[in-house]
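Worksheet: one structure, shown below.
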Amino acid sequence: MPIPQSVKFSPPASAKLIVYSTVQEWIVKGILEPGEKIIDTQLAEYFSVSRTPVREALQLLNKQGLVEVIPSNGTRVTEIDWEDVRQNYEALKELNCVVIRLVIDKINSEHIKELKRINREFADALESSDIHKQSAYDKVFHNYLVHLANNHYIAQYIEQLSISAQRIENLYFSISPRRKESFSEHEEIINKLALHDFYAAEKAIRKNWVTGTDMYRYFKENKNA
């Protein structure tokens, strides 16, 4: 398994949660690629734990659809299911439109200033070649809007969907120039929010959310590039 050579432990967390969160991060970042075999004995040795918390962590990852258990063949990182990706992004796009609806009347000049600050940091990240840094700042921008919406259920659903989405985005944006357009799209969202123009802001955020169909088309066209 192509796993890092060192590990940082977080004492307050249980062994199961440490294994779960770390392996989840490896999958999302692409350190463990689709189809990669997961060897529980190696993970147990790596984290200096028994196989029990490793198996429990893998069960959680299985429920999230990040790994699959294949009878008589062990556990592997799931392959990309493009129909699942399509549905995931369809749901995320609609939920983020609801977020716009919830923030449109409460957003103020301080919120707009903070969104612009975050987007400037995103622009700086775009100048680097660090896809994970770019992705992190993009997520901060959207999460700030979710925070302003102040709806626990919507935040929970978006966070759950975003775990799988992040994995696909890291693969997609590592070969696509599409993220370069996100800065200007964020600016458009900010400008429309500042005007409290719901329909224009909703249109802007719809444009910003790449669809699963778009991703599939790009992968198909560039798979041999």
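The values are calculated or read from the model by the stated rules, or taken from the named source; none is laboratory data. The structure displayed is predicted, hence computed values, not measured ones. Positions of Cβ are backbone-derived with ideal geometry, glycine not excepted, and every protein chain shown enters the neighbour counts. What goes into the accessible areas is simple: the full protein's heavy atoms, side chains included, and nothing from ligands, DNA or RNA. Shrake-Rupley method; radii C 1.70, N 1.55, O 1.52, S 1.80 Å.
Structure above, values below:
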read-out	value
Accessible carbon and sulfur surface of the chain relative to its total accessible area, %, 1.4 Å	50
Extension reserve of the H147-I39 stretch, reckoned as 0.36 nm per residue once the Cα distance is removed	35.1 nm
Relative intensity, log₁₀ I(q)/I(0), of the chain from a Debye sum that treats every alpha carbon as a point, q = 0.11, 0.15 Å⁻¹	-0.62, -1.06
Efficiency of FRET between K93 and K220 - r from beta-carbon atoms, R0 22 angstrom, step 0.05	0.60
Sum of -39500 (n - 2.57) over DSSP H runs of 4+, divided by residues of the chain (222 nm, nearest 500)	-22000 deg cm²/dmol
Separation of the S72 and E181 label points, Cα + 7 Å toward Cβ, nm	4.8
Above-threshold pairs, the threshold being 29 Å between Cα atoms, out of K192/K220; K106/K139; K113/K133; K29/K93	K192/K220
Computed magnitude of the charge dipole of the chain (debye, nearest 20; Cβ of K, R +1, Cβ of D, E -1)	100
Accessible area expressed per residue, the chain, with surrounding protein chains retained (probe 1.4 Å, Å²)	55
Longest DSSP-loop-exposure-free segment, trypsin sites (Lys or Arg not before Pro), the chain, at most 14 other Cβ within 10 Å	107-222
